[in-house]
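Here the structure is laid out as structure tokens; the discussion comes afterwards.
The values are calculated or read from the model by the stated rules, or taken from the named source; none is laboratory data. Computed from a prediction, not measured in an experiment: that's the story for all the values here. Quick reminder, even Gly has a Cβ in these numbers, built from the backbone with ideal geometry, and neighbours come from all protein chains shown. Heavy atoms of the whole protein, side chains included, go into the accessibility calculation; ligands, DNA and RNA do not. Shrake-Rupley method; radii C 1.70, N 1.55, O 1.52, S 1.80 Å.
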Amino acid sequence: MSNNKNDVTMDKIVSLCKRRGFIFSGSEIYGGLANAWDYGPYGVELKNNIKQRWWRKFVLEREDMVGLDAAIIMNPETWKASGHLDNFSDPLVECKKCNSRFRSDELLRRAHLGKVQILPLDHELQRELLIKEKITCPICNSVSWSEPRQFNLMFKTFIGPAEKSSNIAYLRPETAQGIFVNFKNVMDTSRPKLPFGIGQIGKAFRNEITPGNFVFRTREFEQMEIEYFIAPPKKDKDWQAAFEMWRQEIINWMKELGLDVKHDIYELNVPDGERAHYSKKTIDFEYKFPFGQKELYGLVYRTDYDLKQHAEFSGADLSYTDDKGNKFTPHVIEPSLGVERTLLAALCAAYNEENLTQPHPSPGQGKIETRVVMKFPPWLAPVKIAVFPLLKNKPELVKKAKAVFDLLKKDYACEFDDNGNIGKRYRRQDEIGTPYCLTVDFDSLKNGDLTVRDRDTMKQERVKIEKLGEWFRGKLK
Ligand code: ATP
């Protein structure tokens, strides 16, 4: 058996996702919609597993966290106060030959200029650099760039039937602001003590200039965000301790996902001048995707910027009073995780191709077959256990296998499959990453046991049906 991790390409991931019902092109029957994706039966399970695990780990299992679910369309004043109306923009540059549009900072970064120096924010300087370094248009290869202009990424809409400026509203570009505007509500009702955090999972929308790379950059996506409030730091080490705690938590989370943190994760300390307007320190956790090393998650020290801005714009008192009666505005550390990028990284990390030699009477003569297997950690796998009757046309086998399926489905995501030969059924389950396959055969009818086949080792063992609950509790819970 051989296995080569370097064989993972985006073509293989995209094709597997479509073939096995993880991810489809959005609105496909109408010719699709560029960069919109729909999650199929296994994709939605994967996404739900990610979100549920995150919620359990970071909200339910921690004493210093509570949850929230705020509205997507917020009072537009929110975006004035947060600075998004003025600052949430990317530099858009147009190729004068073919009129294609790109982010100039991305073009420069792609040419590795971002790694060796801080990108100039000045538009004329960015254009000069594009021309001086002969950075070509990815579409038509010419070097003919317009001056970049700032393009605001927020999606605009109108509330109510009249499309007039006083009715303009925005789809939220991040979930974080829903947390800040509810700070007082949570304080008044839950009365948490500092340090504490509020976690939220929800959709965010950005009118990205260059979406792409499958689900990596889309205009509609989900975030899992935490705003972790701390007392105003007297020294740098005070906020650094909370920052470091969340850095470790993110690393642990990535390990739980099955990512090779040592080799595939790079922590980029975002330099001054490139950080968001509210950030004093930002770490981008970059993952080695097949299309290059790109941001997976962000960890940001947002200071007291957001609460102070909202207090000023709304007139609400967003302060905290400690046990000694000191009143102040808390500072905040924000671990921000995208659901789709999590899913994409987990798919890339789990993808394995193994060359198996088929048994043959003469040594070395067996045919070589490639097995595609998604080695998801069991908690993440969309199906945990597949149950097969050995033969479809033997009612007593089907009945027994159904009984096993009914027994296990209450505790685990299970699938019943009686289609095709057992080898084909194994391959199907390998491709969706099912950790265990159970086969009911004629011996099962006599002995009350069945074959359990392990996805990763492909080893098979006999287990008594009455002992299955206990057996899986040790492996899957
Ligand atoms: P990028 O530099 O890739 O545009 P960002 O720094 O703007 O990302 P943040 O504002 O820090 O991203 O958002 C937090 C997280 O939300 C990101 O780390 C990522 O996981 C996710 N995310 C952001 N934008 C998108 C998008 N367009 N599509 C999918 N996920 C996204």
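Each residue of the range 72-82 was assigned a 3J(HN,Hα) from its phi angle through the Karplus expression (A = 6.51, B = -1.76, C = 1.60, θ = phi - 60°), giving 6, 8, 10, 4, x, 4, 3, 7, 5, 5, 6 Hz with x at Gly and Pro. Overall, the accessible surface of the range 229-282 at a probe of 1.4 angstrom is composed of carbon and sulfur to the extent of 50 percent. Once the Cα atoms are used to define both axes, helix 422-432 deviates from the longest principal axis of the chain by about 10 degrees. With respect to the chain, whose longest principal axis is taken over its alpha-carbon atoms, helix 10-19 is tilted by about 60°.
The range 405-437 and the range 334-373 have their alpha-carbon centroids 17 Å apart. Legend note: in the chain, cysteines whose Cβ sits 4.7 Å or more from every other cysteine Cβ are C17, C348, C414, C437. Relative to the Cα centre, the charge distribution of the chain, modelled as +1 at Lys and Arg Cβ and -1 at Asp and Glu Cβ, gives a dipole magnitude of about 1280 debye.
Surface composition of the range 401-450: carbon and sulfur make up 50 percent of the accessible area, probe 1.4 Å. Does the range 383-476 come out rounded, prolate or oblate by the C-alpha gyration tensor, with a ≥ b ≥ c the root eigenvalues, rounded set by a/c under 1.5 and, if not, prolate when a/b is larger than b/c and oblate if not? Judged from the Cα gyration tensor, the range 383-476 comes out rounded (a/c under 1.5). The residue among F243, I230, G423 whose Cα reaches farthest toward the positive pole of the charge dipole of the chain, with charges on the beta-carbon of Lys, Arg, Asp and Glu, is G423.
Between T9 and E163, the simple label model (points 7 Å from Cα in the Cβ direction) yields a spacing of 4.4 nm. The C-alpha atoms of the chain define a longest principal axis, and helix 236-256 lies at about 30 degrees to it. Compared with the direct C-alpha span, the chain from K308 to Q240 gains 22.4 nm at full extension, assuming 0.36 nm per residue.
Applying 1/(1 + (r/R0)^6) with r as the Cβ-Cβ distance of D322 and V261 and R0 = 30 angstrom yields a FRET efficiency of 0.25. If the label point is 7 Å along Cα→Cβ of E77, which residues in the range 276-311 have backbone nitrogen under 20 Å from it? Hits in the range 276-311 for E77 at 20 Å: 305-311. Here is the tail figure for the chain: Cα pairs spaced more than 43 Å apart come to 27 percent of all pairs.
Projecting label points 7 angstrom from Cα along Cα→Cβ for H360 and S146 puts them 6.2 nm apart. Using a cut-off of 24 Å between Cα atoms, the listed pairs K193/K235; K262/K294; K235/K308; K375/K409; K402/K467; K51/K459 include K51/K459 as exceeding that distance.
The residues of the chain have, on average, 49 Å² of accessible surface per residue, using a 1.4 Å probe with all protein chains present. Using the Cβ-Cβ distance between E61 and D272 with R0 set to 35 Å, the FRET efficiency works out to roughly 0.45.
Rounded to the nearest 10 square angstrom, S89 shows an accessible area of 30 square angstrom against a 1.4 Å probe. As a size descriptor, the averaged projected area of the C-alpha convex hull of the range 272-384 was calculated at 13.9 nm². Across the range 172-187, coupling constants 3J(HN,Hα) worked out from phi with the 6.51/-1.76/1.60 Karplus curve, θ = phi - 60°, read 4, x, 7, 7, 3, 5, x, 6, 4, 6, 9, 3, 5, 4, 5, 4 Hz, and Gly and Pro carry x.
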